[in-house]
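Enquirer: First, the structure itself, so that you have it in front of you.
The values are calculated or read from the model by the stated rules, or taken from the named source; none is laboratory data. Everything numeric in this text was worked out from a predicted model, so none of it was measured. Please note: Cβ atoms are built from the backbone with ideal geometry, for glycine as well, and neighbour counts cover all protein chains shown.
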Amino acid sequence: MDPNVSDALVAEIQTALGPRGWLDPADAGPVLTGWRGTYSGTPVLVARPDTVDGVQEVVRSCVRHGAVVVTQGGNTGLAGGSVPIDAAPDGRPSVLLLTTRLNRITSVDPARFTVTAEAGCTVEQVQQAAAAVDRQLTMDWGARGTATVGGAISTNAGGLNVLRYGNTRHHVLGIEAVLADGRVFDGLRALRKDNTGYDLKHLFIGAEGTLGVVTRAVLELQPAMPHHRSLFAALADLDNVTDLYGLARSIDPGGLTAFELVPEMGVAVAVDVLDVVRPIDTRAEWYLLARFSGSEPVTDTVTRFLNEAVESGYATDAVVAETASQESNLWKLRDELPPERLLDSRGTKFDTAVPIDRIPEFQRSVEAIAARLCGPEAVTFSFGHLGDGNLHVYVLPSLEHGGRLAPDLVGSVTAAVDEVIWELGGTISAEHGIGQDLLARLPGQKSQVEFDLLRAVKAALDPTEIFNPGKGAQTIERSTRSAGRSGQDEVEA
Ligand SMILES: Cc1cc2nc3c(=O)[nH]c(=O)nc-3n(C[C@H](O)[C@H](O)[C@H](O)COP(=O)(O)OP(=O)(O)OC[C@H]3O[C@@H](n4cnc5c(N)ncnc54)[C@H](O)[C@@H]3O)c2cc1C
């Protein structure tokens, strides 16, 4: 990297953004490392624009000086997409663009059921703005206080309410973004219907910062749901979850807003190291944490669901949260999974979705792989969004003794589990994206046609690859998908 080029770039951005608009990387601390501590990088500058014009200035300066841009919101992403890089793979210097000063809610419109927010607003900030006008933003997950609107859009984040309201894509009505040539794509229409060609906003949703910098969005709100009831039930057997899910959905088709799986080992650790109270004395290997919501009281619904679940032999015991503190205890337990203590022991992690009826088979297969490759102490710690078929799974060397899985074991466990995921018709990334973390694994999931299309979109919007180079699905050139899983495209590949 030519130091003169970097110096000129840095000086130009510093002048354009003013003294509060940038940080020296030496003083930037946590923004240089990802949430899980796996990746870090040092850009030539950390830019903190607080206007769309400022974002344009940064992008244009980078174009002029042959530099690249990594955009970061709350840095809670779990695939390494938001972490700065020292330089692009071809050596171009990199600038980290933080959106956290783009943090204004431009308008809240209860009549239209919309909110317009800048990309750096946190999800919780928008939730609170919606609640103040008797509406709700139903995007919600544990990192709500730090994750941003731009990050949620760029990862197409899922979370706790997906089965009722869909993932982030379903909440986005309009997007504004700064493009690779510095122009602004103004797609901020608050319309539910607009069939005037390709719906371009969708390109930016789930793009992981590789097609532009999202600066603002119009998000759809829902009516406030005044009545909620959360329940925690000990499951008789994981094999029954599909029937249990069918029961919950049929008892109140629109009212089931969360259906989460919690393992006993998660409860035990949460009770041990966090300020969480064990919800029920009955011990089971698995628990269900579910919530029903409605405009009318849902107490009868919950009672009927639990009675039928026990009578059918799906659940052995249950509790319904009666007070706000019981409710928050249940959701704190879920938000804190997996407790840091487990992460510390560093195994390998999967963010998997399979069709919900394949969940028990998937769990048993991973347990068998862990035991076969890592020995009898190995633990498969699974939890997550059961209603979406989305389990977060850690394979750990042991629960009690910490330790790390050796790198070759991480590789062989990952390869074996990925094969199971694909055989069951699943995906290796349900909601966290590809970032840097899953690049080596993705070639086995998608066909050559899919990679060709992804690269064509990238080439159309960011031909010189200035946005987040080296990250995301579109960087992959060749599919390694085997003939057994292939579609018609393999015939031509
Ligand atoms: C405790 C915890 C719980 C979580 N639970 C869930 C969950 O249930 N469901 C789920 O889906 N995720 C979950 N996540 C992951 C994470 O919160 C989401 O991926 C979130 O959307 C990331 O938002 P962020 O602002 O932190 O984005 P970042 O981490 O800063 O960035 C993520 C990606 O988006 C890009 N990006 C960020 N802002 C912009 C922008 N304005 N324009 C263009 N690109 C941008 C980055 O370059 C990066 O590729 C969880 C994370 C934690 C730490």
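Enquirer: Only one of (1) assigned by TED's automatic domain parsing to the domain that holds residue 304; (2) loosely packed, with under 15 Cβ neighbours inside 10 Å is not met by residue 198, so which one is it?
Expert: Among (1) assigned by TED's automatic domain parsing to the domain that holds residue 304; (2) loosely packed, with under 15 Cβ neighbours inside 10 Å, residue 198 violates only (1).
Enquirer: Need pairs with beta-carbon distance below 8 Å; first residue over 17 Å from residue 52 (Cα atoms) and within the stretch 89-112, second among the basic types (Lys, Arg) and away from the ligand (no atom under 12 Å from the Cβ); sequence gap 6+ or separate chains.
Expert: 108/135; 110/135
Enquirer: Could you tell me whether any residue of the stretch 366-377 is surrounded by 15 or more Cβ atoms within 10 Å (Cβ to Cβ) and touching a Gly at 6+ places or on another chain (Cβ under 8 Å)?
Expert: Checked the stretch 366-377: no residue is surrounded by 15 or more Cβ atoms within 10 Å (Cβ to Cβ) and touching a Gly at 6+ places or on another chain (Cβ under 8 Å).
Enquirer: Related question: Residues of the stretch 378-407 being of a type in the set (Val, Ile, Thr) and either surrounded by fewer than 21 Cβ atoms within 10 Å (Cβ to Cβ) or closer than 17 Å to residue 262 by Cβ (or both), which ones?
Expert: Residues satisfying the conditions are 379, 380, 393.
Enquirer: For the stretch 224-233, does any single residue satisfy the condition of being of a type in the set (A, V, I, L, M), within 30 Å of residue 281 (Cα to Cα) and touching a Phe, Trp or Tyr at 6+ places or on another chain (Cβ under 9 Å)?
Expert: Yes.
Enquirer: Something else now. Are any of the residues in the stretch 35-57 touching a residue at least 24 places away in the same chain (Cβ under 8 Å), of a type outside the set (Val, Ile, Thr), out of contact with any Phe, Trp or Tyr (no Cβ under 9 Å at 6 or more places or on another chain) and more than 16 Å from the ligand (Cβ to nearest atom)?
Expert: No, the stretch 35-57 has no match at all.
Enquirer: Shifting gears a bit: Give the stretch 120-157 a look and list any residue that's among the acidic types (Asp, Glu) and either touching a residue at least 40 places away in the same chain (Cβ under 8 Å) or more than 11 Å from the ligand (Cβ to nearest atom) (or both), or say none.
Expert: 124, 134
Enquirer: Applying the selection to the stretch 88-99, what residues are more than 9 Å from the ligand (Cβ to nearest atom) and in a loop (DSSP other than H, G, I, E, B)?
Expert: Result: 88, 89, 90, 91, 92.
Enquirer: Among the residues of the stretch 409-442, what is the count of those that are within 17 Å of residue 155 (Cβ to Cβ) and aliphatic (A, V, I, L, M)?
Expert: Of the residues in the stretch 409-442, 6 are within 17 Å of residue 155 (Cβ to Cβ) and aliphatic (A, V, I, L, M).
Enquirer: Additional query: For residue 113, which of the numbered conditions (1) more than 10 Å from the ligand (Cβ to nearest atom); (2) closer than 25 Å to residue 125 by Cβ; (3) not assigned by TED's automatic domain parsing to the domain that holds residue 210 fails to hold?
Expert: (3)
Enquirer: Test each condition in (1) over 23 Å from residue 151 (Cα atoms); (2) at pLDDT 95 or above; (3) within 16 Å of the ligand (Cβ to nearest atom) for residue 428 and report the one that comes out false.
Expert: Of everything listed in (1) over 23 Å from residue 151 (Cα atoms); (2) at pLDDT 95 or above; (3) within 16 Å of the ligand (Cβ to nearest atom), residue 428 misses just condition (1).
Enquirer: Please go through the stretch 418-474 and pick out each residue that is closer than 26 Å to residue 358 by Cβ, among the small types (Gly, Ala, Ser) and assigned to a loop (DSSP other than H, G, I, E, B).
Expert: Answer for the stretch 418-474, where residues must be closer than 26 Å to residue 358 by Cβ, among the small types (Gly, Ala, Ser) and assigned to a loop (DSSP other than H, G, I, E, B): 425, 426, 430, 433, 435, 440, 447.
Enquirer: Here's a follow-up. Can you tell me which of (1) away from the ligand (no atom under 16 Å from the Cβ); (2) without any contact (Cβ under 8 Å) to a residue 24 or more places away in the chain is the one residue 220 doesn't meet?
Expert: Only one criterion is unmet by residue 220, namely (2).
Matching residues to (1) hydroxyl-bearing (Ser, Thr, Tyr); (2) buried (at least 24 other Cβ atoms within 10 Å of the Cβ):
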site	(1), (2)
29	no, no
33	yes, no
45	no, yes
51	yes, no
66	no, no
79	no, yes
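Enquirer: Taking residue 38 and the conditions (1) surrounded by fewer than 19 Cβ atoms within 10 Å (Cβ to Cβ); (2) part of a helix (DSSP H, G or I); (3) β-branched (Val, Ile, Thr), which numbered condition does it fall short on, given that it satisfies the others?
Expert: Among (1) surrounded by fewer than 19 Cβ atoms within 10 Å (Cβ to Cβ); (2) part of a helix (DSSP H, G or I); (3) β-branched (Val, Ile, Thr), the lone unmet condition for residue 38 is (2).
Enquirer: Does any residue of the stretch 71-87 turn out to be in contact (Cβ under 8 Å) with a residue 24 or more places away in the chain and away from the ligand (no atom under 12 Å from the Cβ)?
Expert: Yes: the stretch 71-87 contains one or more residues that are in contact (Cβ under 8 Å) with a residue 24 or more places away in the chain and away from the ligand (no atom under 12 Å from the Cβ).
Enquirer: Also: Kindly indicate whether residue 163 is in contact (Cβ under 8 Å) with a residue 60 or more places away in the chain, within 14 Å of the ligand (Cβ to nearest atom) and either within 23 Å of the chain's Cα centre (by Cα) or within 20 Å of residue 55 (Cβ to Cβ) (or both).
Expert: Considered against the rule, which asks whether it is in contact (Cβ under 8 Å) with a residue 60 or more places away in the chain, within 14 Å of the ligand (Cβ to nearest atom) and either within 23 Å of the chain's Cα centre (by Cα) or within 20 Å of residue 55 (Cβ to Cβ) (or both), residue 163 comes out as yes.
Enquirer: Would you mind listing the strands (runs of 3 or more DSSP E) fully within the stretch 239-335 where at least 2 residues are touching an Asp or Glu at 6+ places or on another chain (Cβ under 9 Å)?
Expert: Correct list: 256-263, 286-294.
Enquirer: Return yes when residue 66 is under 16 Å from residue 30 (Cβ atoms) and either away from the ligand (no atom under 14 Å from the Cβ) or not assigned by TED's automatic domain parsing to the domain that holds residue 468 (or both) and no when it is not.
Expert: Against the criterion (under 16 Å from residue 30 (Cβ atoms) and either away from the ligand (no atom under 14 Å from the Cβ) or not assigned by TED's automatic domain parsing to the domain that holds residue 468 (or both)), residue 66 does not qualify.
Enquirer: While we're on this one: Please tell me if residue 389 is without any contact (Cβ under 8 Å) to a residue 24 or more places away in the chain, under 25 Å from the mean Cα position of the chain (by Cα) and within 22 Å of residue 445 (Cβ to Cβ).
Expert: So residue 389 fails the test.
Enquirer: Sticking with this one: For the subset of the stretch 393-417 comprising residues that are touching a Cys at 6+ places or on another chain (Cβ under 7 Å) and in a helix (DSSP H, G or I), which member is farthest from the ligand (Cβ to nearest atom)?
Expert: 409
Enquirer: Restricted to the stretch 187-217, and to residues that are among the polar types (S, T, N, Q) and more than 14 Å from the ligand (Cβ to nearest atom), which residue is farthest from residue 327 (Cα to Cα)?
Expert: Once the filter is applied, the top-ranked residue is 196.
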